[in-house]
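Working notes, structure below.
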Amino acid sequence: MRIAIGGISHETNTFSTLPTDLALFERRGVHGGEALIPAFAGTRTIVGGFLDGARSEGFEAVPTMLAEAAPSGTVTAEAFDRLTELLVEGLREAGPVDGVLLELHGAMVAENARDGDAEILRRVRDVVGSIPIVGVLDLHANISDSMVALADALVGYDTYPHVDMYERGLEATAIMTRIVRGGLRTARALRKPPLMPPLSKQCTTYDTPMRALIELAHQRERKPGMVSVTVAAGFPYADVPEAGLGVLAIADGDQARAEAVADEIAALAWKRRHEFVIRCTPVEEALQIAADAPDGASGPVVLADTADNPGAGAPCDGTILLRGLLDRGVQNAALGALWDPRAVEICRVAGVGANVELLLGGKTDDLHGEPLSVSGRVRLLSDGRFKNLGPMNTGAETRMGPTAVLAVGSVDVVITSNRVQALDAGVFLSQGINPSRKRVLVLKSSVHYRGAFEPLASRVVEVDTPGLSNSDLSRYPYQHVRRPIFPLDAMV
C-alpha cells in the first residue's frame, strides 16, 4: 500500500493589503520530494502524524510537495497555479498510489480560486482519479460543499490553540487505511448554520461554546457507525460565501446517520450563538492594568494584541500598545514580536550594544498605529531560528528571520524580519529574554499564545486594539459572506 502525502496550506485574510505571493510561501517553506520527510519527521505536526501513522498502519508514505505561508492577503494567481502545478507533478512522479493524504487549511482564497482548497482538491482529483483522498483541515476552515464532495474524508483540528495537529494526522492515516484496506465508504454530511464566530471565542481551553461543540462531537464520534465529526469554527476574515462555522459528520456508509449528527451539533451551535460574542478590554483600561501590575507577582500580565495577530493575516507591526507602555513608563516589559525588517537592518548595522534612533513599526497600513519614533539600545542580534518546545508545533522550527532585541526604555522589543505569531515561548527565550520574569508581556496573537503563555501569566487581558483581526466583526466591509449571518445581523 502506497499513499502519497503533501499539500498546500494558507489562511487568507481578504482584508489584508499584503498579497501572498510565491516568495511568502518560500519564506515559510516549500518542501518537495524526499526533502519533505526529514523536514517533518519526529515533529508533532500534521505531516509528522502522516509519517508516524504510515509506520503504525504499515504503508509506504510517498512524499510529493508541501507548501505553507504565514496568514496574509489573497494568494496571487501565479503562486496558486505554480504550487498546485508542483503538487500534481509530485503526484504524477510518485507513480501508482493507493490514496492521497493532504495537509490543507480550509480558508485559502486565491485571485483565481475564491474557494482555494476546493480548487486544490479538484486539481488533485483530476490527476489521481477515483482513488481515496483524505485531508486534514484547520479548525478555522471555511468548509464548502465542493470540498466535501471532492474528498473522501476531511478531518479538522479539535483544539484552539492548535495542539492536536499531530493527532489529526494520525487520524487521517487511520481513516485512509480503513478506506483502502477495509472497504470503508464514507457518508458525509455538512451543515453551515448562519453563524460566523469571532476568533477569540473559538478558543477551546476554557468554557466556551466552541469547547461544548467539540465535546459533543467527540461523544457522537464514539457512536457505532460513525467515522469522524469535525466542528470547524471558520475564519471570519475571509470575505467569501463559505465563511463561518461548519459541522462535517462522516459515517460508515449510512447517510442518514451522518445527517442526524450534523444536524444535532449545528442546532447546538445556533442555540448558543450569543455566547460567541466577545467584548475585549479597551486599550486605556488594559494599559492601566499593565501599569498597576505589581513586581514579584506570580507571573506577568499578558496583554494580547488580538487585532494585530499575524496568525490571522494582520501585519504584526502595530505600535498602539508599545506607545502606551512607553508613555506610562511601565517597567520590566517585553513585546514579541514586532515585524519591521528595516528596523532590524538598522540595528544590525549599528551592532550589539549600540544606541539607535529609528521609526519602529506602523509601516504597513494606517489601521494598527503610526510609526513610533524611539531611541534604544541593541541588546541582541540573531538569525531568529528556534525549535518550538511548547505544546503547539512541538519540534518544528520557527524562522523569525534576522532578528533584533531593542531595549526601549524598560521595554524589550523583539523585532523580526518575518511575521511571526507569539505561539511559543521561544519567541523570547531564543532572544535571551525569560518571559516568566517579566512584569508585562505584549503578545500579537488572538488565542494561540494561551498554549505557551497562559500557564506563565498572573493575568491575561484581551485588548480591543484596532486592526485586521479585531473580534468586532461589524467593523469589516463584508461584501460576499452569506447574509443574514450572526453576529453581523440581528437574528432572533
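The values are calculated or read from the model by the stated rules, or taken from the named source; none is laboratory data. Note that the structure is a prediction, hence the values are computed from the model and not measured. A quick note on method: Cβ atoms are made from the backbone with ideal geometry, for glycine too, and the neighbour counts reach across all protein chains shown.
For Val414, the criteria (1) in contact with a strand residue (DSSP E or B) (Cβ under 7 Å, 6 or more places away or on another chain); (2) β-branched (Val, Ile, Thr); (3) part of a loop (DSSP other than H, G, I, E, B) hold in every case but one, which is (3).
Do the conditions hold for Ala286, that is, is it in contact (Cβ under 8 Å) with a residue 60 or more places away in the chain, surrounded by fewer than 24 Cβ atoms within 10 Å (Cβ to Cβ) and in a helix (DSSP H, G or I)? So Ala286 fits the description; yes. Any chance the stretch 374-381 includes a residue that's surrounded by fewer than 20 Cβ atoms within 10 Å (Cβ to Cβ), under 22 Å from Val301 (Cβ atoms) and of a type in the set (A, V, I, L, M, F, W, C)? No: the stretch 374-381 contains no residue that is surrounded by fewer than 20 Cβ atoms within 10 Å (Cβ to Cβ), under 22 Å from Val301 (Cβ atoms) and of a type in the set (A, V, I, L, M, F, W, C). Within the stretch 183-242, if we keep just the residues that are surrounded by fewer than 20 Cβ atoms within 10 Å (Cβ to Cβ) and among the polar types (S, T, N, Q), the residue that is farthest from the chain's Cα centre (by Cα) turns out to be Gln219.
Taking the stretch 395-409 as the range and being in contact with a Ser or Thr (Cβ under 7 Å, 6 or more places away or on another chain) and within 29 Å of Thr205 (Cβ to Cβ) as the test, the residues that pass are Gly395, Ala396, Met400, Thr403. The strands (runs of 3 or more DSSP E) located wholly in the stretch 172-255 that include 2 or more residues which are without any contact (Cβ under 8 Å) to a residue 40 or more places away in the chain and in the same structural domain as Leu102 (by TED's automatic domain parsing) occupy 226-232.
Scanning the stretch 289-328 for residues that are over 24 Å from Thr416 (Cβ atoms), free of Cβ contacts under 8 Å to residues at least 60 places away in the same chain and among the small types (Gly, Ala, Ser) yields Ala291, Gly296.
In this entry, Glu60 passes the filter for residues that are farther than 11 Å from Ile8 by Cβ and in contact (Cβ under 8 Å) with a residue 40 or more places away in the chain.
From the list Gly395, Gly432, the lone residue that is more than 29 Å from Phe276 (Cβ to Cβ) and at pLDDT 95 or above is Gly432. Among the residues of the stretch 105-137, which ones are crowded, with 21+ Cβ neighbours inside 10 Å, part of a helix (DSSP H, G or I) and among the hydrophobic types (A, V, I, L, M, F, W, C)? Result: Ala118, Ile120, Leu121, Val124.
One residue stands out in the stretch 1-56 among those that are assigned to a strand (DSSP E or B), small (Gly, Ala, Ser) and farther than 18 Å from Thr398 by Cβ: the one that is farthest from the chain's Cα centre (by Cα), namely Ala4. In summary, Asp424 fulfils each of the numbered conditions (1) in a loop (DSSP other than H, G, I, E, B); (2) over 22 Å from the mean Cα position of the chain (by Cα) with the single exception of condition (2).
Scanning the stretch 397-443 for residues that are free of Cβ contacts under 8 Å to residues at least 40 places away in the same chain, aliphatic (A, V, I, L, M) and within 15 Å of Val302 (Cβ to Cβ) yields a single hit, Ala425.
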